[in-house]
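The values are calculated or read from the model by the stated rules, or taken from the named source; none is laboratory data. All figures in this text were calculated on a predicted structure; none of them were measured in a lab. Cβ placement follows ideal geometry from the backbone for every residue including glycine, while neighbour counts extend to all protein chains displayed.
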Amino acid sequence: MTSFSKRFSKLLFGLFLCALGISITIAAQVGYSPWEVFHAGVASTFHIEIGTASIFVGLIIGILSLLLGEKIGIGTILNMVLIGLMMNVILGANILPTSENLFIGLLLLMIGIAIFSLGSYFYIGSGFGAGPRDSLMVAVTRITKLPIGVCRSSVELVAVFAGWRLGGLIGLGTVVSAFCIGFFIHTTFRLFKFDPTTIHHENLQDTFTILFSSEA
C-alpha cells in the first residue's frame, strides 16, 4: 500500500469514527453535544435531517476557516460531506444502544466523545486538511496562542448558544459535552504526542499533484 493510500485510509477511518462518535452522543439521549445542538436547530428550521444540516454548516465554517488562513484540502471537503451522510445512515439504521437511564446515558455520551476525539486524531493526522470545525479550532489556537482544549471548548459554547437560539434542544449532556470535548481532544492529542498546529496540510492542488506523480 502506498503512502498516499495509507494516509487516505487513515482519513476515512477517522471520519467514520467521528460520525460514529457523534451518533452515539445523540443516541445517549441526555442532551445533544454542542455542535449537534446547532445542527439540530438548523435541521429544525429548514426541516432536514441532522446529518444534512451538518453538511451545510460545515460548508459555511469551511469558508470562514479559509478566510482565517487555514488550508482547504480534500480532507476538509470529505469531512463536510461524509460525516453528515454517515450520521444519517447510522442514525437511520437504529442500531445504536439508547438509554432512559441518566447514568447509562452519560456513559454513552462519554464513549461517543472519546470515539470522536480519536477520530479527530486520525483524520487531522492524515494531513489532507482538517475538517471545517477543526480548521476553525486550529485557526483560533494559532491566532490566540491558547491551549487547544480551551479554544475548542470556547467554540463549542458559542455553538450551543447559537443552536439554542435556533431551537436546538439542550440538556445535561450538552453541558457535560461543552466542558469535556476540549479536554478529551486535548488528552487524546497529548497521549499520542500530537500537535495539530505542526501538521502540514495539503491543499487540493498539493494532493492532486502528489496523486498523479510517482510520489503517490
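What's the number of the only condition in (1) exposed (fewer than 15 other Cβ atoms within 10 Å of the Cβ); (2) of a type in the set (Gly, Ala, Ser); (3) not in a helix (DSSP H, G or I) that residue 99 fails to meet?
Failing condition for residue 99: (1).
What number of residues within the range 76-101 satisfy the criterion of being in contact with a His (Cβ under 9 Å, 6 or more places away or on another chain) and modelled with pLDDT under 90?
Of the residues in that region, 1 qualify.
Would you mind stating whether residue 187 is at pLDDT 90 or above and among the polar types (S, T, N, Q)?
Spelling it out, residue 187 is indeed at pLDDT 90 or above and among the polar types (S, T, N, Q).
If residue 31 meets every condition in (1) crowded, with 21+ Cβ neighbours inside 10 Å; (2) within 19 Å of residue 131 (Cβ to Cβ); (3) touching a residue at least 40 places away in the same chain (Cβ under 8 Å); (4) of a type outside the set (A, V, I, L, M) apart from one, which number is that one?
In the conditions (1) crowded, with 21+ Cβ neighbours inside 10 Å; (2) within 19 Å of residue 131 (Cβ to Cβ); (3) touching a residue at least 40 places away in the same chain (Cβ under 8 Å); (4) of a type outside the set (A, V, I, L, M), residue 31 misses (2) alone.
Could you tell me which residue of the range 66-95 is surrounded by the most Cβ atoms within 10 Å (Cβ to Cβ), considering only residues that are out of contact with any Gly (no Cβ under 9 Å at 6 or more places or on another chain) and within 27 Å of residue 143 (Cβ to Cβ)?
66
Those residues that are in a helix (DSSP H, G or I), of a type in the set (S, T, N, Q) and in contact (Cβ under 8 Å) with a residue 24 or more places away in the chain, I need them from the range 162-212; list them, please.
174, 177, 187, 188, 197, 207
Only one residue in 165, 133 is out of contact with any strand residue (DSSP E or B) (no Cβ under 8 Å at 6 or more places or on another chain), farther than 21 Å from residue 17 by Cα and among the basic types (Lys, Arg). Which one?
Being out of contact with any strand residue (DSSP E or B) (no Cβ under 8 Å at 6 or more places or on another chain), farther than 21 Å from residue 17 by Cα and among the basic types (Lys, Arg) holds for just one of 165, 133, which is 165.
Which of the residues spanning the range 132-175 are surrounded by fewer than 20 Cβ atoms within 10 Å (Cβ to Cβ) and of a type in the set (Lys, Arg)?
The answer is 142, 145, 165.
Does any residue of the range 2-11 turn out to be surrounded by fewer than 18 Cβ atoms within 10 Å (Cβ to Cβ), among the aromatic types (Phe, Trp, Tyr), touching a helix residue (DSSP H, G or I) at 6+ places or on another chain (Cβ under 8 Å) and at pLDDT 95 or above?
no
Mind checking which residues of the range 36-47 are surrounded by fewer than 24 Cβ atoms within 10 Å (Cβ to Cβ) and of a type in the set (A, V, I, L, M, F, W, C)?
40, 42, 43, 46
Does the range 105-124 include one or more residues that are assigned to a loop (DSSP other than H, G, I, E, B) and touching a residue at least 60 places away in the same chain (Cβ under 8 Å)?
The answer is no; no qualifying residue exists.
Select, from 44, 54, the only residue that is of a type in the set (Gly, Ala, Ser), under 30 Å from residue 103 (Cβ atoms) and touching a residue at least 60 places away in the same chain (Cβ under 8 Å).
Going through 44, 54 in turn, just one is of a type in the set (Gly, Ala, Ser), under 30 Å from residue 103 (Cβ atoms) and touching a residue at least 60 places away in the same chain (Cβ under 8 Å): 44.
Anything in the range 107-118 that is surrounded by fewer than 18 Cβ atoms within 10 Å (Cβ to Cβ) and in contact with a Leu (Cβ under 8 Å, 6 or more places away or on another chain)? List them, or say none.
None - no residue of the range 107-118 is surrounded by fewer than 18 Cβ atoms within 10 Å (Cβ to Cβ) and in contact with a Leu (Cβ under 8 Å, 6 or more places away or on another chain), so the list stays empty.
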